[in-house]
Amino acid sequence: MDKKLLIGNWKSNKTKQEALDFFQAFKESISKVNLDSHEIVIAPPFTLLSVCREAIDRLELPISLASQNVSSFPAGAYTGEVNAKQVKEFAQYVIIGHSERHKYLKEDENDVANKIREAKAEGLITIQCIQDENSMVHDDVDVVAYEPPTSIGSGNPDDPQHVQEVFIKVLGQSKALRILYGGSVNPSTYQQFLSIKKLGGFLIGGASLEADSFISLLS
Ligand code: PGA
(Lines give C-alpha, C1' and ligand atoms only; values in the text may rest on other atoms or scores of the structure.)
Protein backbone atom coordinates (compact mmCIF):
# COMPACT_ATOMS: atom_id res chain seq x y z
CA MET A 1 0.00 0.00 0.00
CA ASP A 2 1.29 3.46 -0.90
CA LYS A 3 1.74 5.76 2.04
CA LYS A 4 -0.63 8.71 2.24
CA LEU A 5 0.99 12.12 2.25
CA LEU A 6 -0.44 14.32 5.00
CA ILE A 7 0.61 17.93 4.77
CA GLY A 8 -0.21 20.31 7.59
CA ASN A 9 -0.42 23.85 6.23
CA TRP A 10 -0.02 26.24 9.14
CA LYS A 11 -0.69 29.30 6.95
CA SER A 12 0.07 32.58 8.79
CA ASN A 13 -0.08 31.04 12.25
CA LYS A 14 2.26 30.27 15.14
CA THR A 15 5.10 31.93 16.96
CA LYS A 16 8.40 30.20 17.61
CA GLN A 17 7.25 28.95 21.04
CA GLU A 18 3.96 27.65 19.64
CA ALA A 19 5.84 25.72 16.96
CA LEU A 20 8.14 24.18 19.58
CA ASP A 21 5.13 23.24 21.73
CA PHE A 22 3.52 21.53 18.72
CA PHE A 23 6.55 19.33 18.08
CA GLN A 24 6.92 18.49 21.77
CA ALA A 25 3.26 17.43 21.91
CA PHE A 26 3.72 15.47 18.68
CA LYS A 27 6.68 13.65 20.20
CA GLU A 28 4.66 12.73 23.30
CA SER A 29 1.92 11.15 21.17
CA ILE A 30 4.16 9.56 18.56
CA SER A 31 3.04 6.04 19.54
CA LYS A 32 -0.41 6.86 18.09
CA VAL A 33 1.02 7.68 14.65
CA ASN A 34 0.90 4.96 12.02
CA LEU A 35 4.15 5.51 10.20
CA ASP A 36 3.62 2.52 7.88
CA SER A 37 0.79 4.28 6.14
CA HIS A 38 1.67 7.97 6.37
CA GLU A 39 4.29 10.40 5.19
CA ILE A 40 4.08 13.53 7.31
CA VAL A 41 4.89 17.06 6.21
CA ILE A 42 4.46 20.37 8.03
CA ALA A 43 4.39 23.65 6.13
CA PRO A 44 5.21 26.47 8.58
CA PRO A 45 5.64 30.15 7.74
CA PHE A 46 9.09 31.08 6.37
CA THR A 47 10.14 32.58 9.72
CA LEU A 48 9.74 29.20 11.41
CA LEU A 49 11.44 26.95 8.87
CA SER A 50 14.78 26.89 10.68
CA VAL A 51 13.14 26.57 14.12
CA CYS A 52 11.06 23.63 12.88
CA ARG A 53 14.07 21.99 11.20
CA GLU A 54 16.02 22.18 14.43
CA ALA A 55 13.14 20.82 16.55
CA ILE A 56 12.40 17.95 14.17
CA ASP A 57 16.07 16.93 14.10
CA ARG A 58 16.52 17.26 17.86
CA LEU A 59 13.37 15.27 18.67
CA GLU A 60 14.05 12.81 15.81
CA LEU A 61 10.54 13.19 14.44
CA PRO A 62 9.45 11.51 11.19
CA ILE A 63 8.34 14.82 9.72
CA SER A 64 9.47 16.60 6.56
CA LEU A 65 9.07 20.31 5.94
CA ALA A 66 7.44 22.29 3.17
CA SER A 67 7.41 26.01 2.53
CA GLN A 68 4.02 27.55 1.81
CA ASN A 69 5.36 29.61 -1.07
CA VAL A 70 8.58 30.40 -2.91
CA SER A 71 9.89 33.33 -4.91
CA SER A 72 9.38 33.29 -8.67
CA PHE A 73 12.89 34.75 -8.94
CA PRO A 74 16.33 33.32 -8.17
CA ALA A 75 18.66 34.92 -5.58
CA GLY A 76 19.16 38.63 -6.14
CA ALA A 77 17.67 42.07 -5.63
CA TYR A 78 14.06 41.05 -4.92
CA THR A 79 13.18 42.65 -1.59
CA GLY A 80 10.97 40.55 0.64
CA GLU A 81 11.28 37.38 -1.44
CA VAL A 82 12.54 33.98 -0.24
CA ASN A 83 14.07 31.95 -3.05
CA ALA A 84 14.08 28.21 -3.71
CA LYS A 85 17.73 27.76 -2.81
CA GLN A 86 17.06 29.31 0.61
CA VAL A 87 14.00 27.10 1.13
CA LYS A 88 16.00 24.00 0.16
CA GLU A 89 18.28 24.51 3.17
CA PHE A 90 15.36 23.55 5.43
CA ALA A 91 12.56 21.96 3.41
CA GLN A 92 12.06 19.23 0.87
CA TYR A 93 8.64 20.31 -0.41
CA VAL A 94 7.03 23.55 -1.55
CA ILE A 95 3.35 24.44 -1.86
CA ILE A 96 2.68 26.58 -4.91
CA GLY A 97 -0.47 28.39 -6.06
CA HIS A 98 -2.63 28.08 -2.95
CA SER A 99 -6.00 29.73 -3.63
CA GLU A 100 -5.45 32.19 -0.76
CA ARG A 101 -2.45 33.51 -2.69
CA HIS A 102 -4.62 33.93 -5.79
CA LYS A 103 -7.30 35.64 -3.75
CA TYR A 104 -5.30 37.96 -1.49
CA LEU A 105 -1.97 38.37 -3.30
CA LYS A 106 -3.31 38.32 -6.88
CA GLU A 107 -0.94 35.52 -7.84
CA ASP A 108 -1.62 34.32 -11.42
CA GLU A 109 -0.75 31.29 -13.54
CA ASN A 110 2.39 32.97 -14.82
CA ASP A 111 3.63 33.40 -11.24
CA VAL A 112 2.78 29.78 -10.54
CA ALA A 113 4.74 28.60 -13.59
CA ASN A 114 7.78 30.67 -12.57
CA LYS A 115 7.66 29.40 -9.00
CA ILE A 116 7.47 25.80 -10.18
CA ARG A 117 10.47 26.39 -12.45
CA GLU A 118 12.52 27.92 -9.62
CA ALA A 119 11.54 25.17 -7.16
CA LYS A 120 12.33 22.36 -9.59
CA ALA A 121 15.70 23.91 -10.42
CA GLU A 122 16.64 23.48 -6.76
CA GLY A 123 15.25 19.94 -6.52
CA LEU A 124 12.27 20.78 -4.31
CA ILE A 125 9.19 18.54 -4.52
CA THR A 126 6.44 20.76 -5.90
CA ILE A 127 2.85 20.66 -4.69
CA GLN A 128 0.57 22.65 -6.98
CA CYS A 129 -2.82 23.60 -5.58
CA ILE A 130 -5.71 23.58 -8.03
CA GLN A 131 -9.20 24.88 -7.42
CA ASP A 132 -11.29 22.77 -9.78
CA GLU A 133 -11.15 20.19 -12.54
CA ASN A 134 -10.51 22.87 -15.17
CA SER A 135 -7.41 24.31 -13.49
CA MET A 136 -4.23 23.89 -15.48
CA VAL A 137 -1.76 21.45 -14.02
CA HIS A 138 1.73 22.66 -14.89
CA ASP A 139 4.35 20.39 -16.43
CA ASP A 140 6.85 18.89 -14.02
CA VAL A 141 4.65 19.22 -10.94
CA ASP A 142 5.14 16.31 -8.54
CA VAL A 143 1.98 16.54 -6.44
CA VAL A 144 -1.40 18.18 -7.08
CA ALA A 145 -3.66 19.27 -4.24
CA TYR A 146 -7.27 19.72 -5.25
CA GLU A 147 -8.76 22.33 -2.92
CA PRO A 148 -12.10 23.89 -3.85
CA PRO A 149 -12.07 27.43 -2.36
CA THR A 150 -15.56 27.10 -0.88
CA SER A 151 -14.37 24.12 1.16
CA ILE A 152 -11.28 25.78 2.60
CA GLY A 153 -11.78 26.74 6.23
CA SER A 154 -15.56 26.56 5.87
CA GLY A 155 -16.31 23.25 7.58
CA ASN A 156 -17.95 22.12 4.34
CA PRO A 157 -15.71 19.63 2.55
CA ASP A 158 -16.40 18.73 -1.07
CA ASP A 159 -18.58 15.74 -1.86
CA PRO A 160 -16.30 12.66 -2.11
CA GLN A 161 -18.01 11.60 -5.35
CA HIS A 162 -17.09 14.95 -6.87
CA VAL A 163 -13.54 14.68 -5.55
CA GLN A 164 -13.29 11.31 -7.30
CA GLU A 165 -14.43 12.85 -10.60
CA VAL A 166 -11.88 15.63 -10.32
CA PHE A 167 -9.11 13.14 -9.56
CA ILE A 168 -10.00 11.06 -12.63
CA LYS A 169 -9.90 14.13 -14.85
CA VAL A 170 -6.61 15.42 -13.45
CA LEU A 171 -4.94 12.03 -13.50
CA GLY A 172 -6.00 11.75 -17.15
CA GLN A 173 -3.45 14.49 -17.85
CA SER A 174 -0.65 12.71 -16.04
CA LYS A 175 -0.88 9.34 -14.37
CA ALA A 176 2.45 9.92 -12.65
CA LEU A 177 1.00 12.62 -10.45
CA ARG A 178 0.24 12.13 -6.83
CA ILE A 179 -3.04 13.81 -5.95
CA LEU A 180 -4.30 15.10 -2.61
CA TYR A 181 -7.58 16.51 -1.40
CA GLY A 182 -7.77 19.59 0.83
CA GLY A 183 -10.60 21.68 2.29
CA SER A 184 -12.10 21.20 5.75
CA VAL A 185 -10.38 17.87 6.34
CA ASN A 186 -10.49 17.22 10.09
CA PRO A 187 -10.93 14.29 12.47
CA SER A 188 -14.69 14.18 11.87
CA THR A 189 -14.68 14.59 8.05
CA TYR A 190 -11.66 12.71 6.72
CA GLN A 191 -13.03 9.17 6.89
CA GLN A 192 -15.45 9.82 4.05
CA PHE A 193 -12.54 10.42 1.66
CA LEU A 194 -10.53 7.31 2.45
CA SER A 195 -12.29 5.13 -0.15
CA ILE A 196 -11.52 7.53 -3.00
CA LYS A 197 -9.42 5.74 -5.61
CA LYS A 198 -5.95 7.18 -6.14
CA LEU A 199 -6.19 9.36 -3.03
CA GLY A 200 -2.58 10.32 -2.36
CA GLY A 201 -3.30 12.07 0.91
CA PHE A 202 -4.56 15.35 2.32
CA LEU A 203 -3.61 19.00 2.60
CA ILE A 204 -4.83 20.11 5.99
CA GLY A 205 -5.15 23.66 7.31
CA GLY A 206 -7.02 24.29 10.56
CA ALA A 207 -6.81 20.70 11.84
CA SER A 208 -3.01 20.74 11.57
CA LEU A 209 -2.54 23.54 14.09
CA GLU A 210 -2.95 21.38 17.17
CA ALA A 211 -0.84 18.24 17.49
CA ASP A 212 -3.80 16.25 18.85
CA SER A 213 -6.13 16.84 15.92
CA PHE A 214 -3.31 16.36 13.39
CA ILE A 215 -2.25 13.11 15.04
CA SER A 216 -5.79 11.78 15.03
CA LEU A 217 -5.58 11.90 11.22
CA LEU A 218 -2.41 9.83 11.33
CA SER A 219 -3.50 6.84 13.36
P1 PGA B 1 -8.60 23.87 5.87
O2 PGA B 1 -7.48 24.46 4.86
O3 PGA B 1 -8.19 22.45 6.17
O4 PGA B 1 -8.52 24.76 7.06
O5 PGA B 1 -9.90 23.91 5.16
C6 PGA B 1 -6.91 23.67 3.85
C7 PGA B 1 -5.92 24.47 3.05
O8 PGA B 1 -6.20 25.62 2.71
O9 PGA B 1 -4.81 24.00 2.75
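The values are calculated or read from the model by the stated rules, or taken from the named source; none is laboratory data. As the structure is a prediction and not an experimental result, all values here were calculated from the model. Quick reminder, even Gly has a Cβ in these numbers, built from the backbone with ideal geometry, and neighbours come from all protein chains shown. Note: accessible area is taken over every heavy atom of the protein model, side chains too, but ligands, DNA and RNA are not part of it. Shrake-Rupley method; radii C 1.70, N 1.55, O 1.52, S 1.80 Å.
Loop sites only, by DSSP: take the trypsin sites (Lys or Arg not before Pro) in the chain that have at most 12 other C-beta atoms within 10 Å and name the longest stretch containing none of them.
Here the longest run is 1-105.
Name the aspartates and glutamates eligible as straight-distance cross-link partners of Lys11: C-alpha to C-alpha under 14 Å, and not fewer than 8 places from it in the same chain.
Glu100, Glu210
Where nothing but the Cβ of Lys and Arg (+1) and of Asp and Glu (-1) is charged, how large is the charge dipole of the chain around its Cα centre, in debye to the nearest 20?
Magnitude of the dipole: close to 200 debye.
Which distance in nm do the two modelled labels at Ser195 and Glu81 give, with both placed 7 Å along the Cα-to-Cβ direction?
4.8
If you average the alpha carbon positions of region 126-153 and of region 189-204, how far apart do those two centres end up, in angstrom?
Taking the Cα centre of each part, region 126-153 and region 189-204 sit 15 Å apart.
If you roll a 1.4 Å probe over the heavy atoms of the protein chains, what accessible area per residue do you get for the chain, in Å²?
48
Rolling a 1.4 angstrom probe over the protein chains, ignoring ligands and nucleic acids, what is the accessible area of Thr150 in square angstrom, nearest 10?
Taking all protein chains as shown, Thr150 has close to 110 Å².
Where q = 0.09 Å⁻¹, what log10 of I(q)/I(0) comes from the Debye formula for region 3-120, counting one point per Cα?
-0.26
In percent, how large is the relative contact order of region 68-148, given Cα pairs closer than 8 Å and 6 or more residues apart?
Here the relative contact order equals 30 percent.
Quickly work out the Asp139-to-Ala25 label distance, labels modelled 7 Å from Cα along the C-beta direction, and quote it in nm with one decimal.
4.5
Helix-only estimate, please: 222 nm mean residue ellipticity of the chain, summing -39500 (n - 2.57) across DSSP H runs of length 4 or more and dividing by its residues, to the nearest 500.
Computed mean residue ellipticity for the chain: -9000 deg cm²/dmol.
Once the piece of chain linking Ser213 and Asn110 is laid out straight, how much longer is it, given 0.36 nm per residue of separation minus the C-alpha distance between them?
Taking Ser213 through Asn110 to full extension adds about 33.5 nm, to one decimal.
Please report, to two decimal places, log10 I(q)/I(0) for the chain at q = 0.18 Å⁻¹ as given by the Debye formula with identical point scatterers on the Cα atoms and no solvent.
-1.40
Suppose a student asked you for the relative contact order of the chain, using Cα pairs under 8 Å spaced at least 6 residues apart; what percent would you report?
22
Kindly state, to the nearest 0.05, the FRET efficiency for Asp57 paired with Lys169, given R0 = 30 Å and r defined as their beta-carbon distance.
With a Förster radius of 30 Å, E is 0.15.
What pairs from Lys103/Lys169; Lys106/Lys197; Lys88/Lys169; Lys3/Lys106; Lys27/Lys115; Lys27/Lys169 go past 27 Å between their alpha carbons?
Result: Lys106/Lys197; Lys88/Lys169; Lys3/Lys106; Lys27/Lys115; Lys27/Lys169 exceed 27 Å.
Rounded to the nearest percent, how much of the accessible area of the chain (1.4 Å probe, protein heavy atoms only) is carbon and sulfur?
Looking at the chain in its full context, I get 48 percent from C and S.
Give the cross-link partners of Lys4 among the aspartates and glutamates, using a straight C-alpha distance below 14 Å as the criterion and excluding same-chain residues fewer than 8 apart.
Asp36, Glu39
Each residue of region 171-180 in turn: what ³J(HN,Hα) in whole Hz from Karplus with 6.51, -1.76, 1.60 and θ = phi - 60°, glycine and Pro shown as x?
So the Karplus estimates, Gly and Pro as x, are 5, x, 7, 7, 6, 6, 5, 9, 10, 10 Hz.
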